[in-house]
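A quick write-up on the structure given underneath.
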Amino acid sequence: MPALAFARAVVLLALALALPAAGAGKSVLLLQQDDDAWLSYQAFYAGFQGALAREYGADVMIYREVLDLSRFPGAPYRDALRRWYTVKYQAIRVDAIVAVGPAALTFALSARRDIWPGVPTVFAGGDRETLAIAERGAATGRMLQFETPKSIALARTLFPRTRNLAIVGDRDLTQTFFPTFDESLDRLAGELRVIDLRGLAMATLLERVAALPPDTIVHCTIFSLDGDGQRFVPRDALARIAAASNAPIFGDIDSYMGTGAVGGQMSSTRAFGAAIANHLAPVLHGALPAEPPPGGTNSWSTPVVDWRAIRRFGVDPARLPAGIEIRYREPSVWEEHRPALLGVAAAFLVLLGLVIRLLRERRQRIVAEQEASARFTELARANRISAAGELAASVVHDLGQPLAAIQSNVESMELLLEADPPRLEEARAALADVRRDDQRAADVIGRLRSLFHKSEPRRERVFVESVVNDVTRMAEGVARRKGVTVEADLDPAPMVVDADVVQLQQVLINLLLNALDAIPDGTGHRRVAIVARHATGGVIRVAVGDSGPGIPDDERARIFEPFYTTKSKGTGVGLAIVKRIVESYGTQVAVGVSPLGGAEFSFVLPSAEAAP
Ligand code: ADP
């Protein structure tokens, strides 16, 4: 049909004109044996394309064809592919063909004959046949040599008690990247007992690997087809096998990492892809490839382990060979968050420092308070004791002498009067001595009495509120220890009196101490109140009340008597002193009932402002 042939020629011409001029750039046809689901092909392509782009930039165009020959091995399929590519690439000038995988190479050479005669062809990995092809000069390329012996050696280093080597993978390894595996198996195993699990159905295999004898390691070549003829993506198959296996699994292909495999001498197909790109570069320029020579092999491998699997099988990390690559090691919290943790630690230290300082200050304050309250109690007690001591010493000393003299004169008088005849003159003289001594004793008592009256206070202007506040503060520690609240209820108007500030303090200290003493231990209201207010008649009324038991009516007079006390360690002079001091201001101490429920001691002092 000449019309149709003409139309076809026109279309092809138009397509050809739309293409860049021949020689402007290079075109590479990459024929990939298996599907992209095989991660190793993806990695290969990434490495290949990256390296080629570095060499040629935008000047190279890669056409990639996924042949999928493992899953579709039939000749009719390959024929159909060839016909399809004849049409597809009719208008494309292909400068080089790259065949990834041995089956891809076989296909490439037959397609080259029909479609791309004379186009240089580069192989990437292959089998024995590939090497023969290389020898015939039909193609150049690089073999990928998996380093199974090194993988098994690594396995035995990590598991030194290994006695069995289980083999997992395809029964038929021709047309794969493992051309020599079968014949080298004996050498690989050495003295290890081989458990060959190849060619089993997946389900059976999973059962077998779950029940492997102790001290077994598993090696996986490539698993793409099981005994039932079911196809698998090798990496996915390995993940299933690793999940079921009770023994550690090793392999040689980098894309197996992360499936649960422990590791191995892992060849990187990405590095292999880059090496093929480098091999291709001079070929594209029409030159012979540089070293290594065609067919040269390399493993592009490095020892790698999966840290999680190492942990799962309890491998001592000290067994890991120096320089081995460890993957999937979760950084410790410390490694991952070091700056944040350092910050937190620093903040914690600062806070700790502050807390220590605050605690120290608090301790110092408590010690100071304890010392202050101890001084306060001592002051009050010393006050009483010295008053009592003063009295007692005077009485003992000043009355002791005349009383002793009276005693001895009376005794001698008895003798003088009992004499026969009674010696009246001498007795009279002794009687005169008794009278004289009695007078001395009376003088002593008189002097003591005048001593009380004589304590003429120093009068000055005193702010009652400041005395109350001072005393309340002094009593704080004692009050806190007893669990008593001391309240000061002060008139907002200033309260000034003419008084001796020390005496006023003594009065309040004694009353406050008695009030604190009066509150029994235990729960309930535990309060003491000092109330100071202006009162009618130009006076200031000061009252100390408590929530103690109060004072029975019949005791109210007695409590002011010197030496009257109901306390085991009391002196009985506190209230006597209070009474004396208050009376020296021309006023009285009143005893009543406090609004707090206990006793209230109160007195008034003339307000200094009110005084003329
Ligand atoms: P002391 O306190 O050494 O006993 P005081 O002369 O100060 O001597 O007190 C005499 C007595 O008065 C006390 O032992 C106590 O029985 C009674 N007394 C004083 N103040 C109060 C008070 N606020 N409540 C109840 N009883 C009190």
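The values are calculated or read from the model by the stated rules, or taken from the named source; none is laboratory data. Everything numeric in this text was worked out from a predicted model, so none of it was measured. Here Cβ is always computed from backbone atoms with ideal geometry, including for glycine, and neighbour counts include all displayed protein chains.
Side notes on the structure shown:
- Scanning region 455-503 for residues that are exposed (fewer than 14 other Cβ atoms within 10 Å of the Cβ), small (Gly, Ala, Ser) and within 20 Å of residue 539 (Cα to Cα) yields a count of 2.
Quick grid of which residues meet (1) under 26 Å from residue 167 (Cβ atoms); (2) at pLDDT below 90; (3) touching a helix residue (DSSP H, G or I) at 6+ places or on another chain (Cβ under 7 Å):
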residue	(1), (2), (3)
101	yes, no, no
112	no, no, no
118	no, no, no
121	no, no, yes
127	yes, yes, yes
135	no, yes, no
138	no, yes, yes
144	yes, yes, yes
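- Flag for residue 185 being surrounded by 15 or more Cβ atoms within 10 Å (Cβ to Cβ), in contact with a strand residue (DSSP E or B) (Cβ under 9 Å, 6 or more places away or on another chain) and farther than 30 Å from residue 142 by Cβ: no
- The listed residues are 381, 440, 365, and the only one of them that is under 30 Å from residue 583 (Cα atoms), under 60 Å from the mean Cα position of the chain (by Cα), at pLDDT below 85 and of a type in the set (Lys, Arg) turns out to be 381.
- Single unsatisfied condition, residue 505 versus (1) more than 14 Å from residue 465 (Cα to Cα); (2) within 16 Å of the ligand (Cβ to nearest atom): (1)
- Residues of region 530-547 satisfying the condition of being aliphatic (A, V, I, L, M), surrounded by 20 or more Cβ atoms within 10 Å (Cβ to Cβ) and within 16 Å of the ligand (Cβ to nearest atom): 530, 542, 543, 544
- Flag: residue 224 does not match the condition of being over 40 Å from the mean Cα position of the chain (by Cα), hydroxyl-bearing (Ser, Thr, Tyr), buried (at least 23 other Cβ atoms within 10 Å of the Cβ) and over 18 Å from residue 192 (Cβ atoms).
- Members of region 548-587 found to be in contact with a strand residue (DSSP E or B) (Cβ under 6 Å, 6 or more places away or on another chain) and either within 10 Å of the ligand (Cβ to nearest atom) or on the phi > 0 side of the Ramachandran plot (or both), listed by number: 550, 551, 556
- Condition check for residue 213: over 30 Å from residue 118 (Cα atoms), of a type outside the set (Asp, Glu) and not in a strand (DSSP E or B): yes
- Residue match in region 508-518 (condition: surrounded by fewer than 22 Cβ atoms within 10 Å (Cβ to Cβ) and more than 11 Å from the ligand (Cβ to nearest atom)): no
- When 607, 584, 594, 602 are screened for being touching a residue at least 60 places away in the same chain (Cβ under 8 Å), touching a His at 6+ places or on another chain (Cβ under 7 Å) and of a type outside the set (Asp, Glu), only 607 passes.
- Test result for residue 77, of a type in the set (Ser, Thr, Tyr), assigned to a helix (DSSP H, G or I) and either surrounded by 15 or more Cβ atoms within 10 Å (Cβ to Cβ) or modelled with pLDDT under 90 (or both): no
- Within region 548-563, residues that are in contact (Cβ under 8 Å) with a residue 12 or more places away in the chain sit with their Cβ atoms under 6 Å from residues that are in a loop (DSSP other than H, G, I, E, B) and surrounded by 12 or more Cβ atoms within 10 Å (Cβ to Cβ), at 6+ positions apart or across chains, in these pairs: 548/519; 548/598; 550/598; 562/573; 563/572.
- Test result for residue 563, more than 60 Å from the chain's Cα centre (by Cα) and at pLDDT 90 or above: no
- Checked against the criterion of being within 28 Å of residue 328 (Cβ to Cβ) and either in contact (Cβ under 8 Å) with a residue 40 or more places away in the chain or in contact with a Gly (Cβ under 7 Å, 6 or more places away or on another chain) (or both), the candidates 244, 210, 237, 261 yield just one match: 261.
- Within region 580-601, tally of residues that are closer than 16 Å to residue 512 by Cα and crowded, with 20+ Cβ neighbours inside 10 Å: 8
- When residues of region 114-139 are limited to those that are closer than 13 Å to residue 101 by Cα and among the charged types (D, E, K, R), the one surrounded by the most Cβ atoms within 10 Å (Cβ to Cβ): 127
- Scan of region 31-63 for residues that are among the small types (Gly, Ala, Ser), assigned to a helix (DSSP H, G or I) and either closer than 21 Å to residue 89 by Cβ or touching a Lys or Arg at 6+ places or on another chain (Cβ under 9 Å) (or both), ordered by number: 40, 43, 46, 47, 50, 58
- Hits in region 314-344 - residues which are surrounded by 10 or more Cβ atoms within 10 Å (Cβ to Cβ), at pLDDT 90 or above and in a helix (DSSP H, G or I): 317, 319
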